[in-house]
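**Student:** Take a look at the following structure, please.
The values are calculated or read from the model by the stated rules, or taken from the named source; none is laboratory data. Just so it is clear, the structure is predicted and the values come from calculations on it, not from any experiment. No Cβ is skipped: glycine too gets one built from the backbone with ideal geometry, and neighbour counts run over all protein chains shown.
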Amino acid sequence: MAKNFSSWPEQWPKNLNYPDRPIYHFLEQTAGRVPNRMAIHFGGMALTYGELKTLTDRFAHALIKLGIQKGDRVAIHLPNCPQFAIAYYGAMRIGAVFTPLSPLLSPREIIHQLNDSGARILITLDLLYPSVEAVVPQTKVEKVISTSIGDCYNAIIQPLKPLGKIPVPGTLDMVELIKAHDPAPPEVAIDVYKDLAHLAYTGGTTGVSKGVMLTHKNVASNVLQFGCWFNGAQIKILEDGKVEMVFPEGVDPVKDRRVSRDRETALVVVPWFHAMGTVGYLNNMVSSGTTMVVYPRFDPVEYIEGVAKFGATTLGGAPQLYVPLVNMAGFEKYDLNGIKIAASGAAPLPISVLEKMRKAFPKGVILEAYGLTECTMGATCNPPDPELARAGSVGLPVFDTECKVVHPETGEELSTGEEGEICIKGPQVMQGYWNRPEATAEVLKDGWLFTGDIGKQDEDGFFYITDRKKDLILYKGYNVYPRELEEVLYTHPAVEMCAVVGKPDENAGELPVAFIQLKAGMQATPEELIEFTNKQVAAYKKLREVKLIQLIPVSAAGKVLRRELRDQVAG
């Protein structure tokens, strides 16, 4: 089935020109274009793009002097902070491979990832180091570099930010390394088609995590696919290697487009150690010259007050960002007219939450997108136009990306409207899983990535994700999709968050069980919630049990940890 362009945004190019430049090129270009534009605001600290580049080059030089070479894996074990961006682009500058290490991992998971990746160096936070100190000797890590959030605060602001620096003996101090090296690292030749940029781990919610191999070409392509999707630009590559944004004749890129290069401000709380964070909320921001207001953790009040404080124009994150926002007391009192785009990804956005967001951002567009680490970050996105964006849909395949729906068992391509497994083809699709050829062969077939996600395509080319193939509940041979039951539950006034999983049953196969987190100050009994849901669904889809819990467990990316919930009902 050919790609459906019937709803393609008017004046948007159907294909992009991609420069064969490594990822560091994004920072280099922006720092050269707007060196004095603010790049990062962090707890009172501010860095321009020119300053960010200088610090990055110093750190890159330090890595070279420590013996790190092209292809060596550099593990970054940090929350969102300026040091993360400096370490990341420093690694990219010398052709090292970035492997993100979530601060939320258990010691067992940290050992697995460090040993599987073969990381030679680990960059960590003083506050986090106690969780990794004991495991480092069990890995191939040769050197540990430590840093502190306290390094970002000067003496004047210390009374407002009472977070001091904790000594970390036996490690190298990141600040001292930056001070000791000039911003002139040697040039490193990078083959963007062959050399890996990211070794990002995925699959930890369903089993042992696997390393996803992404080249500089994979990552740079995905950054540009989404950057140009928001502004409708074509890319022009100049003789000196610089990249320009080109628009159709008569189009004013500031007045006629929702967002513009070097003019926006984004609130960034999506973890940079996650694919959505690294690509969408670091690289894409840097490429577009966006000012990033960076938060190491999510506090709903601090976050929403940042809109007025910093003049934010864009927001983004998983549904678990927006659910507490729209439900917080007094949310409706905040002036959010300046928000141009509120993007959501990583998991389906409940329709009830989407409707509240539309009221909250009257002049903005709510954009649902879809992707996974195996396609760098993203594959589809709604058009940045409220007239074109469709509620409940994850949008259209972006530039140079094809999606199809196949039968989960036979692999046969299905017709419009039929539900099946989503498959993706495009320049952002991974090279494979690190040292796992059999696992790679299971998901990469004839250039297509088989995602394991269940969805459908409508007649206008918009895609809809209905569930994960592995989350499907089989009740007496019938397919029960948790997403459908969750959408019903979200319409109940007392439900804050919910997740439905299958409970093993000898007679039925699996029984649908709902875990529910109630809104603060609200009450509802399991019996009431079961009755509320079951009168709205077919008999074979009915909930058999409801468990009320304080918090629905989610990953750092905002995905519900269904395996934890399944383990609870299986016991």
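**Student:** Out of (1) of a type in the set (Val, Ile, Thr); (2) within 20 Å of Leu354 (Cβ to Cβ); (3) at pLDDT 95 or above, the odd one out for Val398 is which?
**Tutor:** That leaves (2) as the condition not met.
**Student:** Further, regarding this structure: With the requirement that a residue be out of contact with any strand residue (DSSP E or B) (no Cβ under 6 Å at 6 or more places or on another chain) and of a type in the set (S, T, N, Q), what does the range 444-485 give you?
**Tutor:** If the condition is that a residue be out of contact with any strand residue (DSSP E or B) (no Cβ under 6 Å at 6 or more places or on another chain) and of a type in the set (S, T, N, Q), then Asn479 is the only one that fits.
**Student:** Counting only residues that are surrounded by fewer than 22 Cβ atoms within 10 Å (Cβ to Cβ) and either free of Cβ contacts under 8 Å to residues at least 12 places away in the same chain or more than 18 Å from Ala189 (Cα to Cα) (or both), how many does the range 23-41 have?
**Tutor:** Here the count works out to 8.
Conditions tested, residue by residue: (1) modelled with pLDDT of 95 or more; (2) over 18 Å from the mean Cα position of the chain (by Cα).
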residue: Leu372; (1), (2): no, no
residue: Arg390; (1), (2): no, yes
residue: Val406; (1), (2): yes, yes
residue: Glu419; (1), (2): no, yes
residue: Ile424; (1), (2): yes, no
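**Student:** What tally of residues in the range 83-112 results from selecting those that are among the basic types (Lys, Arg) and in contact with a helix residue (DSSP H, G or I) (Cβ under 7 Å, 6 or more places away or on another chain)? Can you show your working first?
**Tutor:** Taking the range 83-112 as the starting set, the residues that turn out to be among the basic types (Lys, Arg) are 93, 108.
Right, trim to in contact with a helix residue (DSSP H, G or I) (Cβ under 7 Å, 6 or more places away or on another chain) and you get 93.
Residues in the range 83-112 being among the basic types (Lys, Arg) and in contact with a helix residue (DSSP H, G or I) (Cβ under 7 Å, 6 or more places away or on another chain): 1 in total.
**Student:** Which of (1) outside the structural domain of Tyr88 (by TED's automatic domain parsing); (2) exposed (fewer than 14 other Cβ atoms within 10 Å of the Cβ) does Gly44 not meet, given it meets every other one?
**Tutor:** Status for Gly44: all satisfied but (1).
**Student:** Here's another thing I want to ask about it. Being in a loop (DSSP other than H, G, I, E, B) and either modelled with pLDDT under 95 or over 12 Å from Gln69 (Cα atoms) (or both) is the filter here, so list the residues in the range 188-200 that pass it.
**Tutor:** Asp191, Val192, Tyr193, Lys194, Asp195
**Student:** May I pose another question? Taking the range 42-66 as the region of interest, how many residues are out of contact with any helix residue (DSSP H, G or I) (no Cβ under 7 Å at 6 or more places or on another chain), in contact (Cβ under 8 Å) with a residue 12 or more places away in the chain and more than 16 Å from Glu187 (Cβ to Cβ)?
**Tutor:** 5
**Student:** Here is a further query. Checking the conditions here, which among Asp262, Asp256, Asp335 is of a type outside the set (Gly, Ala, Ser), free of Cβ contacts under 8 Å to residues at least 12 places away in the same chain, farther than 21 Å from Met377 by Cα and in a loop (DSSP other than H, G, I, E, B)? Talk me through it step by step, then tell me what you get.
**Tutor:** Details: Asp262 fails: free of Cβ contacts under 8 Å to residues at least 12 places away in the same chain; Asp335 fails: free of Cβ contacts under 8 Å to residues at least 12 places away in the same chain.
The conditions single out Asp256.
**Student:** Here's a check for you: in the range 533-565, which residue that is free of Cβ contacts under 8 Å to residues at least 12 places away in the same chain and outside any helix (DSSP H, G or I) is farthest from Leu518 (Cα to Cα)?
**Tutor:** Ala538
Residue-by-condition table, conditions (1) at pLDDT 85 or above; (2) within 21 Å of the chain's Cα centre (by Cα); (3) not in a strand (DSSP E or B):
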site: Phe450; (1), (2), (3): yes, yes, no
site: Lys456; (1), (2), (3): yes, no, no
site: Gly461; (1), (2), (3): yes, no, yes
site: Ile465; (1), (2), (3): yes, yes, no
site: Leu474; (1), (2), (3): no, no, no
site: Val488; (1), (2), (3): yes, no, yes
site: Met497; (1), (2), (3): yes, yes, no
site: Lys503; (1), (2), (3): yes, no, no
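**Student:** Let me ask something else about it. Only one residue in Leu321, Leu349 is touching an Asp or Glu at 6+ places or on another chain (Cβ under 7 Å) and either under 30 Å from Leu444 (Cα atoms) or assigned to a helix (DSSP H, G or I) (or both). Which one?
**Tutor:** Numbers: Leu321 fails: touching an Asp or Glu at 6+ places or on another chain (Cβ under 7 Å).
Residue meeting the stated conditions: Leu349.
**Student:** Residue check, Thr291 against (1) under 23 Å from Phe331 (Cβ atoms); (2) at pLDDT 95 or above, all met but one. Which one?
**Tutor:** Of everything listed in (1) under 23 Å from Phe331 (Cβ atoms); (2) at pLDDT 95 or above, Thr291 misses just condition (1).
**Student:** For the range 433-442, does any single residue satisfy the condition of being in contact with a Phe, Trp or Tyr (Cβ under 8 Å, 6 or more places away or on another chain), acidic (Asp, Glu) and either closer than 27 Å to Thr215 by Cα or at pLDDT below 95 (or both)?
**Tutor:** The answer is yes; a qualifying residue exists.
**Student:** (1) surrounded by fewer than 17 Cβ atoms within 10 Å (Cβ to Cβ); (2) touching a residue at least 60 places away in the same chain (Cβ under 8 Å); (3) hydrophobic (A, V, I, L, M, F, W, C): which one isn't true of Phe84, the others all being true?
**Tutor:** Unmet condition: (1).
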